[in-house]
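Take a look at the structure set out below.
The values are calculated or read from the model by the stated rules, or taken from the named source; none is laboratory data. Everything quoted here is computed from the prediction, not taken from an experiment. Cβ sites come from the backbone with ideal geometry, for glycine too, and all protein chains shown count toward neighbours. In case anyone asks, the SASA skips ligands and DNA or RNA and just uses the protein heavy atoms, side chains included. Shrake-Rupley method; radii C 1.70, N 1.55, O 1.52, S 1.80 Å.
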Amino acid sequence: METSKNINLIYGRQIAIVGGGPGGLALARLLQLEGADVKVYERDINQKARVQGAIVDLHYGSGLKVLEAAGLMDAFKARYMQGADRFKLVDENANILLNDLFQTGRYTFGDENFRPEIDRGALRDILIDSLQPGTVVWDSQLINLSLSNGRWKMQFKNGTYDSSDLVIGCDGYRSRIREYLTDIKPVYTGAAIIQGEIDDPKTACPEIYQLFNNGSLMATGQGKMLTVQPRGDGGLTFYAAAMYPENWEKTSGLNFNSPEEVRSYLYNFYNGWHQAFYTLFNACSQFTYRPLNYHPLNLRWQTRPNITVLGDAAHLMPPNGEGVNLAMLDALDLSNCLSSGVYSDMEASLRAYEEMMFARASPISEETVEGIEDFASPNHESIQKLIRFFGNEENN
Ligand SMILES: Cc1cc2nc3c(=O)[nH]c(=O)nc-3n(C[C@H](O)[C@H](O)[C@H](O)COP(=O)(O)OP(=O)(O)OC[C@H]3O[C@@H](n4cnc5c(N)ncnc54)[C@H](O)[C@@H]3O)c2cc1C
């Protein structure tokens, strides 16, 4: 195998990254450090467009490793949310089953078990600020690609066009770029989330605010769950998860644009739970229904010489605390494959990257999908596992 550094696959090529989520932005940073000519085409109107979701925890062997490689650990340390890695598990009566004493303060940077949390928007800002000015092209929702003389012509919804030698789809679970590799469609897990946002939990739901104490709170009952997470701006996000038939948002007759209707559904569904949880529903004025989908575990495609995907676009799985970390790790592997000088041509380097990416993601996805089956089971095996796992950790 050639190992000469002078086979530079990125030199002289224009690289288009479609999608400026954690995966796409990390890739842009890593490739720019290698001297690549990169642009990130992002659908959002501008950097201030709201980033959905609450906090994410970055892991030692993935997200944090990538930040280290990207030279961004100091920026991360300046903005991560100290203490937000506290995790509390309660039952439907708000009795504490596990109080995650082992995490907070026990581990720190450099320790494999340390999983510092950061607001998604802050992570996005750190990555964007590390890029050369003008790298991110906002308001650029890609709607079509065509290949002409080995170059991709990209068409955007705002009526503009651009071209590139290599296209990397980092455009999330509804990826347009994936369609140029495979026609596979995501599969429904059987579970869905009703997501809500509360801007001022301190006054709107003080009991919950006290209980979650700026860490993560998970409340669990038979076949239903409520997770509460802080946001970097003092607000909170909650996720009400349960099993629902496919397309339930259409067949249920519930109007998700009507907060009153969703609230009254949730009061009923969580009937018998501690009153404090109802204050969450009361305080929320906008609910979003999110069916949880995943890609078939054996998904593979024939490598193409000038296009690939990473992150959710490549290996969608139900939320398991790994998605951002995996997307960033894909970015590191792809950047290394393109710039290492090990591969003789672009197709070989993309094939090597895709093999690594699938080998890593498939078993994690399989475990998560099994977890959802446990969640629906009568003895709630997933929670029993969680208690056993955390219980043992606490005793260590
Ligand atoms: C409810 C929920 C909770 C989660 N919690 C966690 C968690 O705690 N920890 C964790 O690690 N993961 C979590 N995840 C998963 C995580 O959000 C994803 O795995 C992760 O964001 C994937 O990163 P990405 O860069 O691949 O894609 P995304 O973050 O989805 O970014 C895709 C980007 O592409 C842009 N885009 C989309 N289409 C186009 C287009 N056609 N043209 C241009 N731009 C486009 C989007 O605007 C977006 O900026 C959660 C997911 C959900 C649904």
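Checking the structure you have, find out if any residue of segment 156-172 is at pLDDT 95 or above, within 11 Å of the ligand (Cβ to nearest atom), in contact with a Leu (Cβ under 6 Å, 6 or more places away or on another chain) and under 30 Å from Leu236 (Cβ atoms).
Yes: segment 156-172 contains one or more residues that are at pLDDT 95 or above, within 11 Å of the ligand (Cβ to nearest atom), in contact with a Leu (Cβ under 6 Å, 6 or more places away or on another chain) and under 30 Å from Leu236 (Cβ atoms).
With the requirement that a residue be within 10 Å of Gly169 (Cα to Cα) and within 11 Å of the ligand (Cβ to nearest atom), what does segment 292-316 give you? Step through it out loud before you land on a result.
As a first pass, look at segment 292-316 and keep what is within 10 Å of Gly169 (Cα to Cα): 307-314.
Val309, Leu310, Gly311, Asp312, Ala313, Ala314 - these are the residues of segment 292-316 that are within 10 Å of Gly169 (Cα to Cα) and within 11 Å of the ligand (Cβ to nearest atom).
Within 12 Å of the ligand (Cβ to nearest atom), free of Cβ contacts under 8 Å to residues at least 40 places away in the same chain and either part of a strand (DSSP E or B) or not β-branched (Val, Ile, Thr) (or both) - does that describe any residue in segment 244-261?
The initial filter retains those residues of segment 244-261 that are within 12 Å of the ligand (Cβ to nearest atom), namely none.
The answer is no; no qualifying residue exists.
Enumerate the pairs (first residue in segment 135-158 and on the phi > 0 side of the Ramachandran plot and open to solvent by less than 60 Å² (accessible area, probe 1.4 Å); second residue anywhere and near the ligand (Cβ under 10 Å from one of its atoms) and outside any strand (DSSP E or B)) with beta-carbon separation below 9 Å, excluding pairs fewer than 6 apart on the same chain, so at least 6 apart or on different chains.
Close Cβ pairs (under 9 Å, with a partner that is near the ligand (Cβ under 10 Å from one of its atoms) and outside any strand (DSSP E or B)) do not exist here.
Scan segment 159-172 residue by residue and report those that are crowded, with 16+ Cβ neighbours inside 10 Å and either part of a strand (DSSP E or B) or among the hydroxyl-bearing types (Ser, Thr, Tyr) (or both). Reasoning before the result, please.
Here is the first cut: in segment 159-172, the residues crowded, with 16+ Cβ neighbours inside 10 Å are 162, 164-172.
Residues satisfying the conditions are Asp162, Ser164, Leu166, Val167, Ile168, Gly169.
Within segment 209-224, does at least one residue satisfy the condition of being away from the ligand (no atom under 13 Å from the Cβ), more than 26 Å from Gln82 (Cα to Cα) and either hydroxyl-bearing (Ser, Thr, Tyr) or free of Cβ contacts under 8 Å to residues at least 24 places away in the same chain (or both)?
no
List pairs: first residue in segment 280-302 and within 30 Å of Leu350 (Cβ to Cβ), second residue small (Gly, Ala, Ser) and surrounded by fewer than 20 Cβ atoms within 10 Å (Cβ to Cβ) anywhere in the structure, Cβ distance under 8 angstrom, at least six positions apart or on different chains.
As it stands, the answer is Leu297/Ser362; Asn298/Ser362, since those pairs meet every condition given.
Give the residue, chosen from Leu64, Leu27, that is more than 24 Å from Leu236 (Cβ to Cβ), aliphatic (A, V, I, L, M) and out of contact with any strand residue (DSSP E or B) (no Cβ under 7 Å at 6 or more places or on another chain). Step through it out loud before you land on a result.
Working: Leu27 fails: out of contact with any strand residue (DSSP E or B) (no Cβ under 7 Å at 6 or more places or on another chain).
The unique qualifying residue is Leu64.
Go through (1) out of contact with any Phe, Trp or Tyr (no Cβ under 6 Å at 6 or more places or on another chain); (2) closer than 22 Å to Gly19 by Cβ; (3) within 16 Å of the ligand (Cβ to nearest atom) and name the single condition Ile184 misses.
For Ile184, the failing item is (3).
So for segment 30-44 (the condition being touching a Leu at 6+ places or on another chain (Cβ under 7 Å), open to solvent by 70 Å² or more (accessible area, probe 1.4 Å) and in a loop (DSSP other than H, G, I, E, B)), does at least one residue qualify?
no
Out of the residues in segment 221-244 meeting the condition of being open to solvent by less than 10 Å² (accessible area, probe 1.4 Å) and closer than 13 Å to Asp91 by Cα, tell me which one is modelled with the lowest pLDDT. Before you say what the answer is, go through the steps one by one.
Residues of segment 221-244 open to solvent by less than 10 Å² (accessible area, probe 1.4 Å): 221, 226, 228, 230, 235-238, 240, 242.
Right, trim to closer than 13 Å to Asp91 by Cα and you get 221, 226.
On the way: Gly221: 86, Leu226: 93.
It comes out as Gly221.
Quick check: anything in segment 317-328 more than 9 Å from the ligand (Cβ to nearest atom) and either open to solvent by less than 40 Å² (accessible area, probe 1.4 Å) or within 17 Å of Arg178 (Cα to Cα) (or both)? Please lay out each step first, then the result.
Taking segment 317-328 and keeping what is more than 9 Å from the ligand (Cβ to nearest atom), we get none.
Checking segment 317-328: not a single residue is more than 9 Å from the ligand (Cβ to nearest atom) and either open to solvent by less than 40 Å² (accessible area, probe 1.4 Å) or within 17 Å of Arg178 (Cα to Cα) (or both).
Name the residue, out of Leu299, Leu217, Leu292, that is within 30 Å of Ala78 (Cβ to Cβ), surrounded by 15 or more Cβ atoms within 10 Å (Cβ to Cβ) and touching a Ser or Thr at 6+ places or on another chain (Cβ under 8 Å). Spell out the reasoning first.
Working: Leu299 fails: within 30 Å of Ala78 (Cβ to Cβ); Leu292 fails: within 30 Å of Ala78 (Cβ to Cβ).
Residue meeting the stated conditions: Leu217.
Residue under question is Ala191, and the condition is that it be farther than 30 Å from Arg300 by Cβ, outside the structural domain of Gln32 (by TED's automatic domain parsing) and open to solvent by less than 60 Å² (accessible area, probe 1.4 Å); does it hold?
For Ala191, the condition - farther than 30 Å from Arg300 by Cβ, outside the structural domain of Gln32 (by TED's automatic domain parsing) and open to solvent by less than 60 Å² (accessible area, probe 1.4 Å) - is not met.
From the list Asp125, Asp85, Asp74, Asp111, exactly one residue is open to solvent by 30 Å² or more (accessible area, probe 1.4 Å) and in a loop (DSSP other than H, G, I, E, B). Which is it? Before you say what the answer is, go through the steps one by one.
On the way: Asp125 fails: in a loop (DSSP other than H, G, I, E, B); Asp85 fails: open to solvent by 30 Å² or more (accessible area, probe 1.4 Å); Asp74 fails: in a loop (DSSP other than H, G, I, E, B).
Answer to the selection: Asp111.
Search segment 278-289 for residues being within 26 Å of the chain's Cα centre (by Cα) and more than 16 Å from the ligand (Cβ to nearest atom), and hand back the single one that is most open to solvent (accessible area, probe 1.4 Å).
In the first step, residues of segment 278-289 are kept if they are within 26 Å of the chain's Cα centre (by Cα); the result is 280-281, 283-289.
Cutting the leftovers down to more than 16 Å from the ligand (Cβ to nearest atom) gives us 281, 283, 285.
Values: Phe281: 0, Ala283: 32, Ser285: 84 Å².
Once the filter is applied, the top-ranked residue is Ser285.
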